[in-house]
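To keep things clear, I will list the structure first and then write my remarks on it.
None of the figures in this text is laboratory data; all of them are computed from the coordinates on show. The shown structure was predicted, so the numbers you read here are calculated from the model rather than taken from an experiment. Heads up, the Cβs are rebuilt from the backbone with ideal geometry, glycines too, and the neighbour counts pull from every protein chain shown.
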Amino acid sequence: MPDLDALLALDDRWNAAYHHGDPTALDGVLAAEWLGFLPDGTNISRADLIAHFPTDPAPTLMIERHAARLHGDTAVTRLTLYEGPTRLQAVLRVYSRVDGHWQAISAQVVP
């Protein structure tokens, strides 16, 4: 399962970036053309995400991954963010394997 291990390691790097409030940790995680979608349907670019990345996360932030699936050179992970006992949002992340390396290409956030 080396492909799944590599995918989960990359997903964990993204999660760690949130825990540490470090948008620079997303280098090598997000594809240049990464595109995200917010609950209201607004789309955001990689530059938008990095510019508005939370740099002072709550100490009680918890990220729970529910699923990870590989489909050839495409993969998805699904997770939920909590602050203490309060559910903040759920996220579906989409990854693509390019030249043997996984990178995030999209994410959909839902309330």
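Give me the one-decimal nm value for the distance between modelled label points at Leu8 and Phe53, 7 Å along each residue's Cα-to-Cβ direction.
In this crude label model, Leu8 to Phe53 measures out at 2.4 nm.
Can you tell me, using C-alpha contacts under 8 Å and at least 6 residues apart, the relative contact order of the chain as a whole percent? Can you show the working numbers first?
Details: 199 pairs, mean separation 28.3, N = 111.
Relative contact order for the chain comes out at 25 percent.
What is the fewest-to-most order of His101, His71 by other Cβ atoms lying within 10 Å of their Cβ?
Fewest to most other Cβ atoms nearby, the residues stand as His71, His101.
Separation between the Ala68 and His20 pseudo-spin-labels, each 7 Å from Cα along Cα→Cβ, expressed in nm?
Reported label-point gap for Ala68 and His20 is 1.8 nm.
Please list 3J(HN,Hα) in residue order for region 13-19, calculated via the Karplus relation 6.51 cos²θ - 1.76 cosθ + 1.60 where θ = phi - 60°; whole Hz, with x for glycine and proline.
4, 5, 4, 4, 4, 5, 4
What share of the DSSP beta bridges in region 2-110 is antiparallel, in percent to the nearest 5?
90
For region 2-110, with equal point scatterers placed on the C-alpha atoms only and solvent neglected, what are the log10 I(q)/I(0) values from the Debye formula at q = 0.22 1/Å, to two decimals?
-1.37
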